Each structure stands twice: as structure tokens, then as C-alpha cells.
Amino acid sequence: MSGILLLCLGLQDPIQQQIDDSLRQFEAAREIDQALTLLSTQLMNLGAQATNPIARRLADDLRDGMASAAAPAFIDALVGRPDALGPLQEAFRGATTSAAGRIVLAEALLQLEDAMSWRAGLLLIAADGKTSLTDRLHAVKVLIEAGDPGVPRILRSLVNSLPDLAELPQRDVVDFLVALDTPLARELLVSIASNDRLSDAVRSSAVRHPSVGATPEDPEDQVFEDRPRRVDRPPARSIVKKRETGEGTFFTIPTILAGGVTAVLLVLLGVEVLRKG
């Protein structure tokens with residue numbers, strides 16, 4: 001039995017050893033971006049036989065909700081490998097996996113083209129009032145990235161519950177909606193700004209000011225009905241002056257006419273002189 005176990009370990013050791021060596025090299029590097037690219041290349045070069053070990057390491061890394069700096073390289077190495085989904089899905093369903101861990105595992109699965117296996121679990125987290133607000137907002141963010149149709153209902157419910165929260169969490173929700181900057185988010189910000197059950201400070205923070213690039217016709221620029229719409233008047237057209245030509249000579253119609261009259265007078269004067277002569 002011990003001989004078979006040692007044989008199995010011997011077959012697994014080379015891959016595990018190469019992963020360990022690559023990680024040590026990454027952790028010792030000073031230039032993180034370059035080291036991350038190198039780590040991704042090294043892990044991908046290990047081939048399909050490394051899929052399961054890499055996926056299990058990634059699952060263990062994400063289970064507590066705190067991804068390591070090497071996590072993006074692990075995900076890169078697993079892209080296009082369906083066999084990698086199993087360990088991550090198993091970790092997501094694990095009874096000991098925290099809500100934060102499930103959320104980052106869902107993010108990883110989404111990047112690996114699994115947009116469904118975790119969806120119901122994240123919807124429960126996002127809608128659970130007993131879950132920390134940070135985790136709920138993070139779950140909503142992942143669901144938005146996946147295009148889940150249940151997001152509007154969750155966000156509306158969250159905004160309706162704001163009066164029951166302390167002011168700091170209320171501001172967190174406002175900041176989330178401001179950063180989201182979608183039509184629904186802007187609509188919810190308007191409702192927050194007009195909710196007299198909230199403090200003036202929170203209501204003021206929900207007022208969306210016109211963005212620099214917004215056009216005057218954008219209805220979202222007018223948050224309140226009694227607030228005048230910002231009108232950007234076009235700049236006055238500058239007077240275009242004709243430039244002088246030649247040696248500073250500038251011929252206008254009056255000067256041309258004056259010159260013509262003078263020439264006619266000179267001709268008549270010359271004829272008169274010749275006639276008298």
C-alpha cells in the first residue's frame with residue numbers, strides 16, 4: 001500500500017513542484033505586472049494535466065473571500081478548460097465557504113464562462129438582509145456583470161430598506177449607485193434624494209450633478225422638477241475679417257469706384273487740354 005501511495009505521489013509531484021516553483025518566483029519578484037504575465041505563461045505551459053491542480057489551488061485561494069495576487073494568473077491558465085469548473089463549483093457549494101468566498105468564486109466562474117451554476121446562490125446573498133452590506137453589493141455587482149434580470153428587484157428592495165440602516169451603510173449604497181451610473185441607478189438616486197425619511201446629508205449625496213459631457217437635452221441632468229435645466233449657450237460667432245493682400249493693399253468696392261472716377265476725370269482733362277492746344 002505504501003509503495004502504491006509513494007508511486008501516486010511521485011506521479012503528482014512534478015506538476016505540483018512546478019506550480020510551487022512558479023509561485024515562489026512570482027512572490028519574490030519586484031515588478032508585479034511582469035511577474036504576473038510570466039506566471040500565467042508558466043502555468044499555461046504546464047498543459048491540460050495541470051488543470052485540476054491549478055483549479056484546486058485557485059478554489060482554496062478564493063474560499064475565504066480574499067484572492068491572492070496570483071489569482072489572475074490561475075484564472076488565465078484555466079480559460080478554455082471546462083475541467084477546471086468542477087473544483088470551483090464544489091468550493092462554491094461547500095458548507096464552510098463564506099458568503100464573501102462564494103462571491104469571488106462566482107466571479108472566477110464567470111470569467112471561465114460559467115454564468116449559471118452559481119447564479120441562484122448569489123441571488124440569495126444579494127437579497128439577504130442578514131448578510132453584510134459589503135457582500136450584498138459585491139454580489140449585485142457580479143450579477144450585473146452576468147446580466148441577471150433579478151438585479152432591478154434587488155436594488156429597489158435595497159433602496160426601500162435604506163431608512164432602516166445606519167447613515168454610513170446608506171452612503172455606501174448611494175456611492176454604489178453613483179458608480180453604477182445606469183438609468184435604473186439614476187432613477188433610484190432620485191428616489192433617495194426625495195425620501196424625507198433619510199437625513200439631509202444622505203439625500204444631498206444622492207443628487208446627481210450634470211456630467212461635463214452631458215448634452216443640454218439630457219433629461220437626466222434635471223433631477224428635480226423645480227431645478228432649472230442647465231443651458232449651454234453657443235459661443236458668439238467671431239467676426240471673420242478678410243486679410244489684406246499684396247503689400248498691405250486692401251481693395252474695397254468704394255476704393256475701386258473712387259479710383260475709376262479719378263481715371264475718367266484725368267482722361268477728360270487730357271482731352272480738354274489737347275483741344276485748346
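Quick look at the values:
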item	result
Residue among Q18, Q89 that alone is assigned to a helix (DSSP H, G or I) and within 26 Å of T134 (Cα to Cα)	Q89
Any hit, segment 58-79, residues being at pLDDT 95 or above, part of a loop (DSSP other than H, G, I, E, B), in the same structural domain as D135 (by TED's automatic domain parsing) and closer than 14 Å to L112 by Cβ	yes
Hits in segment 115-136 - residues which are within 24 Å of the chain's Cα centre (by Cα), within 21 Å of P82 (Cβ to Cβ) and surrounded by fewer than 19 Cβ atoms within 10 Å (Cβ to Cβ)	A115, M116, R119
Residue identified as assigned by TED's automatic domain parsing to the domain that holds G101 and not polar (S, T, N, Q) among L177, L184, L137	L137
Residue in segment 69-83 that is of a type in the set (V, I, T) and either touching a residue at least 40 places away in the same chain (Cβ under 8 Å) or more than 21 Å from F26 (Cβ to Cβ) (or both) present	no
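The values are calculated or read from the model by the stated rules, or taken from the named source; none is laboratory data. Quick caveat, the model's predicted, so the values are computed rather than measured. Glycine also receives a Cβ, built like all others from the backbone with ideal geometry; neighbour counts cover every protein chain displayed.
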